[in-house]
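For reference, the structure is listed below as structure tokens.
The values are calculated or read from the model by the stated rules, or taken from the named source; none is laboratory data. What you are looking at is a predicted structure, and each value in this text was computed from that prediction instead of being measured. Counting neighbours? That spans all protein chains shown, and the Cβs are built from the backbone with ideal geometry, glycine included. Surface accessibility is based on the protein's heavy atoms, side chains included, excluding ligands, DNA and RNA. Shrake-Rupley method; radii C 1.70, N 1.55, O 1.52, S 1.80 Å.
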Amino acid sequence: MFIDLDDFKNINDTHGHAAGDQLLQAIASRLKGAMRADDTVSRHGGDEFLYLLLDLKHEADAARVAEKIRKKISEPCALTVDGIVISAVVRPSIGIAIFPRDGQSGDALTESADSAMYRAKYGSQAIHHIND
């Protein structure tokens, strides 16, 4: 899965990069907390994360995990800016790609999931599978 934080730039622009860093750390912690034992999560760059799901029994399981992640990320985050606690909310756009159908390599899967994420970001759904 390719996860992008919508409107993250607004947090940096409005409250500064320190607040953006706090938000990224909070989101990373939430992603780590949502992980199953065999999953892997990493920051891909900027406000993007990759989430690798292993041992899926059914493709629909990926969408269920993505929805769980979407809900977790969308919860308000308490950030401290200049000694003042503010509540920040970001919503993720999530793209899903499934091996081997959507790619035979890590790079191909990442590209497919990134494409699906862009369709989610600019479409009507927060979660999008590459073949939807």
Here D for region 30-111, in µm²/s, from Stokes-Einstein with a Kirkwood Rh over Cα pairs at 37 °C and 0.692 mPa s, works out to 229 µm²/s
Taking SER42, SER112, SER93 and ranking on accessible area (1.4 Å, protein atoms only), highest first, one gets SER42, SER112, SER93
Taking a crude spin-label model, label points 7 Å out from Cα along the C-beta direction, the LYS9 to ALA108 distance in nm is 3.3 nm
Given unit charges at Cβ for Lys, Arg (+) and Asp, Glu (-), the dipole magnitude of the chain about its Cα centre in debye, nearest 20, is 400 debye
accessible surface per residue for the chain, probe 1.4 Å, DNA/RNA/ligands not counted, whole Å² -> 56 Å²
Of all GluC sites (Glu not before Pro) in region 23-113, the ones in DSSP coil with at most 12 other Cβ atoms within 10 Å are GLU59
With a 1.4 angstrom probe the carbon and sulfur portion of accessible area for the chain, in percent, totals 51 percent
Among trypsin sites (Lys or Arg not before Pro) in region 11-47, those in a DSSP loop whose Cβ has at most 14 other Cβ atoms within 10 Å are ARG36
If each part is reduced to its alpha-carbon centroid, region 8-43 and region 74-130 end up apart, in Å, by 11 Å
